[in-house]
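One structure is given below, encoded as structure tokens.
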Amino acid sequence: MRGPKNDPSLRHPGPPAVGRGTIDGLILQVKKGSDRDEVDKKVARALEKFDVAAKPGLTMFDGSFVYSLEPGFKETRLDEVSEALEKLPEVTSVEPDSQARMQ
């Protein structure tokens with residue numbers, strides 16, 4: 001008979017699985033005063049090269065812009081997509097977001 005009383009390995013489930021979840025969005029830190037519409041257009045153009053679509057989401061209280069990525073975004077492409085976006089003049093940094101905040 002198996003159970004917590006008889007099998008000590010079942011008493012404690014162990015640590016939770018560690019991971020960042022699936023990447024379904026990006027958070028772009030931008031320079032103060034950047035025009036959201038202009039940045040949206042540049043982001044869309046930059047992501048076209050990777051066949052990735054992103055929908056504009058919220059503007060965070062700190063001025064960063066959130067984008068929701070299309071389902072099926074390959075996390076293996078995250079580095080090259082981030083590098084391309086960081087080359088935009090308005091963008092100071094790019095962070096992955098695993099819970100995209102949409103309006």
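Please treat every number below as a calculation from the coordinates, not as lab data. In this text, all values refer to a predicted model and were calculated from it rather than measured experimentally. All Cβ positions, glycine included, derive from the backbone under ideal geometry; neighbour counts span all protein chains shown.
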Legend entry - Estimated inter-spin distance, MET60 and GLU38, nm [label 7 Å along Cα→Cβ]: 2.2
Inset, instruction - Order by neighbour count: ASP97, ASP24, fewest other Cβ atoms within 10 Å first, most last. - result: ASP24, ASP97
Legend entry - Cross-link partners of LYS55 among lysines (Cα-Cα below 27 Å; sequence separation of 8 or more within a chain): LYS31, LYS32, LYS41, LYS42, LYS74, LYS87
